[in-house]
Structures are given as C-alpha cells and as structure tokens.
Amino acid sequence: MDQEPSAKDLTVTNAEAYQELSQADLGGKANQMSSGARTTYVTSFLGKHLPTNRLKTDTDLSAKFESVDCSRRRKKKRGKSKAGVGARTKVKAKLDWKLECGKKTSYSTYLPLKEMWTKYIEELIQFSSSPNLNLPAAAQKMMKADLHGCPLSVRKSKCPSYIGVSGIVIQETRNMFVLVTPCNEIKSIPKANSIFTIVLHDYVFTIHGNQFIVKPGDRAAKKFKTKPSLDL
Amino acid sequence: MGKDAARYIHKEIYQRVNFLHQAAKLVLKQDPSNYGLCRYYISTMRTVAEKHVIRIHPAIKRTYCKHCNVILLSGQTCRIRSRSTSEPHTVVTCLLCGTIKRFMWRASYQLWLDKPEAWLAEKGKAQT
Ligand SMILES: [Zn+2]
C-alpha cells in the first residue's frame, strides 16, 4: 500500500520527462544525417555484411596463386552457430570496452552530442526562468548531471602537458575523462590532480578533479564531502 | 501530501536517464560501428536508474538489448520477425549477441501504467 503510489508518481514523471526532452531534441537536427555520417554508415554496413575476402584488395598479385586443374574447391568448415553459451561468453569479454587513445576520429561526429548536452543542461538548471541564478543550487545540480557531451577544458594540472587541453567529453570513467579534441584526436585525462572548467553562457563551472573520482553512475547517489584540495 | 514535491523529487534523474538514452541513440546514428560507446551510455543509464530505484519506462526499456546494452535499431543491430508457431508474437533478435525479446500480440495486454489499478492505489492513499 505504501509503495504503490510512489511507484505511480515515479512512472508518471518518467513519461513526462521523456516526452519533453524527446520533442525538443529528437525532432531537430539529430534526425538529419550529415553526408559524413552517411558515408560512415555505408562503410560500416558493407563491413558488416560483405564477406571479409571481398573487402580486401589484392595488392601483391605475384604472391597469389590459383590452381587451375583442381575444379572442386574445398568447402571451409563452418564454426559452431552463433547462438549458445560460447557466443555469450565471447560478448562478455568484449564488453570491457575502452576507447583507443590517440586514435583518429572526427570531431564533427560529436558536435550534435554537444548540442544535445547543452539543451539538456539548460533544461536542468533552467537558465532562462530566473535572471539571478541560484548558484549553490545550480552547482548542486551540476554535480549530479551527466557530463557526456560537455565541452570541457583543463585549467590547472600537476602535469603541465594536460593544461589547456579542451574538447568534448565522450566517456567518463572513475578515473578518467575521455575527450575528443578539435584536432580529431581522442585524449584521456585523469581526474586526479587537475582542475577542469566548463563554460556555459556567462557562467563558469569549475570541477576539482580530486573530488570527482567516482563512477559516473554512482556520482548522483554520493554525497560530496569537502576534501582538502591540493595546491596546483 | 506534497504531491508536487514527491513528483519532482527525482526529476533530475529522469532527465539524466532520458539524456543518456538519446545520447546512445545519437552516437550509434553518427557512427554505426561505435557499439562500445553506445553500450557504455546505456550501462551508465541502467546503473543510474538502479542506484535511485527508478523504473525505466517501457518505451525506453524496449529499445536496448538487456544482455549487451546496445541500442536495437532494426536492420542495423537487430532483426524483427513475426512468428505464430504457438501464439502470434514478434521476435526481436540482437544481431550482436543473439539475445531475443518476445512481444505477444495479446489484445488484452496493457502496460502497468495504463491499468486502472495503478491509479486507484494512489487515489485511495490521497483520501485516507
Ligand atoms: Zn545484445
């Protein structure tokens, strides 16, 4: 009896929040595919559906030979079918996924993500509703917000080569921020011993990396304690 | 009973869940071979919902594979077929791990949200 009404309340807000955001975001630019995205789509589609031999181009023909007199080809033995226990364990091993550092990607691919994040954070903090923003409350909300897709830059760090790096966060793990820089590079930056800044309209949010060492999923539930911060 | 407060107490979490779901969709649309990032967003979304004991709306829950956390897009990451061997139903197969979802075509089936009981319980509490 005690639990049911709360469950109903929760589900109603869930549906409402879903509708609000989906109309704002999915209806807009997210639905249109840019030409770059289309080519990546086609290449990945071909890579998935064509047999692997077809995708290779023979560069060194002298090393290749084909027997003429043997008309019958041996059939390749097929492996076990995909479904079953074997496939599942395989996927589990694959799930521990990491972005390859220094790998080239295009910055423009993640621009819509950044746009979407800006809309999300505007709705969360409600910049427009009040001219004088309630800063402590906004900071509190910012801590619990999701940072995937936000434009981040490193202001201070113990390691001098990290200073000044800026880009879009595409992955946040316990110890790292993975950024895509405008030079189309993926860089992962440890949270420890650095100070990050996010610029939103006229406000600047500063994140002390040392206090942010939590998994992004657990961060919302965690209470922040004031830890002594290091002088950088 | 402070209905508004109770209703919006988790609003930020719902917004976050919603954002993560859309981000996962967007990433997969922009770069269709980038399953890893899509999986990461969905698994983050699930842990967020789990930590706050929030139920994910069926509209969202049906769009990802519950085993490998990838967004199911027909023709790209999943296969949708209708079967009627014993009872007519739709089978959605994840192409990456082979997990299947089945949806029965029961005319009488309703989501819990649409059922009248979900609403009556709340009314009863408000009156007492
Ligand atoms: Zn799957």
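The values are calculated or read from the model by the stated rules, or taken from the named source; none is laboratory data. Note that the structure is predicted; figures quoted are calculated from it, not measured. Reconstructed Cβ throughout: ideal geometry from the backbone, glycine too, with neighbour counts over all protein chains shown.
Overview of results
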item	result
Residue in segment B:90-103 that is within 15 Å of the chain's Cα centre (by Cα), more than 14 Å from the ligand (Cβ to nearest atom) and either within 20 Å of A:Asp146 (Cβ to Cβ) or at pLDDT 90 or above (or both) present	yes
Matching entry among A:Glu172, A:Glu122, A:Glu115 (being surrounded by fewer than 16 Cβ atoms within 10 Å (Cβ to Cβ) and within 14 Å of chain B (Cβ to nearest Cβ))	A:Glu122
Subset tally (residues that are within 11 Å of the ligand (Cβ to nearest atom), more than 10 Å from chain A (Cβ to nearest Cβ) and out of contact with any strand residue (DSSP E or B) (no Cβ under 7 Å at 6 or more places or on another chain)) for segment B:28-80	1
